[in-house]
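Notes for the one structure printed next.
The values are calculated or read from the model by the stated rules, or taken from the named source; none is laboratory data. Remember, predicted model here, so these are calculated numbers, not experimental data. Ideal geometry is used to build each Cβ from the backbone, glycine not excepted, and the neighbour counts take in all protein chains shown. Just the protein is used for accessible areas: all its heavy atoms, side chains included, with ligands, DNA and RNA removed. Shrake-Rupley method; radii C 1.70, N 1.55, O 1.52, S 1.80 Å.
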Amino acid sequence: MRVRPISPQRLVIELTQRLADTGSAGRLRVAVDGPAAAHPDELAAALVDPLRAYGRPARHIRSDDFLRPASVRLERGRTNPDAYYEGWVDEAGLRREVLDPAGPAGDGRILPSLWDARTDRASRAAYVEVPPGGVVLISGAFLLGGGLPFDVTVHLEMSAAALSRRTAAELAWTLPAYARYAEEVAPATFADLVVRVDDPRHPAIVESVDDPV
């Protein structure tokens, strides 16, 4: 394995090319997995326009828009790391409304969001169409290892020290959840692409010596 430093701009270019060149006549379901401090939402959003320029219609979906209602999500308290890890995201809803419709047997009609956590109500979003050849980018934490059907997985990796340093003080209670995810799931060992982002200004791609990217 080797670690190759790369600029944030070049990372977007290389990842766009990798996804655009993925040989599939169907839709591509991509996980951009990482803790909030690694900014997975920002990376996924940055890929949308470049992919469209490559002729691959793209949609960005945030897992934070598929949270469970507060009555379920917070039943063990607002700062319970085990609840945060195990049950904040409505994975069944994400699969039903996004991943399955974007899959090989799906019709391409996906729901951009299911729940508005600010109002604690259904988002009432309208369905959108993702044509064959399109790319659905799902971003957020704890996306891997739970059986969600992704075609390509990207994991944004941070050391425990960097994660602690870059996590806002009011979110420090989430750190045990990320530690548990790293230990139990070890996403960096099987994700299709691993990017180290201890310093978001200076990411680095982790690759095998024969990896063409």
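General observations
- Of the residues Ala31, Ala25, Ala83, the single one that is of a type outside the set (Val, Ile, Thr) and assigned to a helix (DSSP H, G or I) is Ala83.
- Inside the stretch 132-165, residues that are assigned to a loop (DSSP other than H, G, I, E, B) and modelled with pLDDT of 95 or more make up a count of 11.
- Within the stretch 47-69, the set of residues being crowded, with 20+ Cβ neighbours inside 10 Å, of a type in the set (A, V, I, L, M, F, W, C) and in a helix (DSSP H, G or I) comprises Leu47, Leu51, Phe66.
- Residue that is farthest from Gly34 (Cα to Cα) [pool: residues in the stretch 86-105 that are open to solvent by 40 Å² or more (accessible area, probe 1.4 Å) and in a helix (DSSP H, G or I)]: Arg96
- Restricting the stretch 161-179 to residues that are open to solvent by 30 Å² or more (accessible area, probe 1.4 Å) and touching a Leu at 6+ places or on another chain (Cβ under 8 Å), the residue that is farthest from Ala37 (Cα to Cα): Leu175
- Taking first residues from the stretch 188-213 that are modelled with pLDDT of 95 or more and partners that are open to solvent by 90 Å² or more (accessible area, probe 1.4 Å) and in a loop (DSSP other than H, G, I, E, B), the Cβ contacts under 9 Å between residues at least 6 apart in sequence or on separate chains come to Val206/Met1.
- Restricting the stretch 160-207 to residues that are hydroxyl-bearing (Ser, Thr, Tyr) and in contact with a Ser or Thr (Cβ under 9 Å, 6 or more places away or on another chain) leaves a set whose member that is farthest from Trp88 (Cα to Cα) is Thr167.
- Taken together, Val98, Val48, Val89, Val72 contain a single residue that is among the β-branched types (Val, Ile, Thr) and in contact with a Phe, Trp or Tyr (Cβ under 7 Å, 6 or more places away or on another chain), which is Val89.
- Restricting attention to the stretch 136-156, the residues that are open to solvent by 50 Å² or more (accessible area, probe 1.4 Å) and either within 12 Å of the chain's Cα centre (by Cα) or not acidic (Asp, Glu) (or both) total 3.
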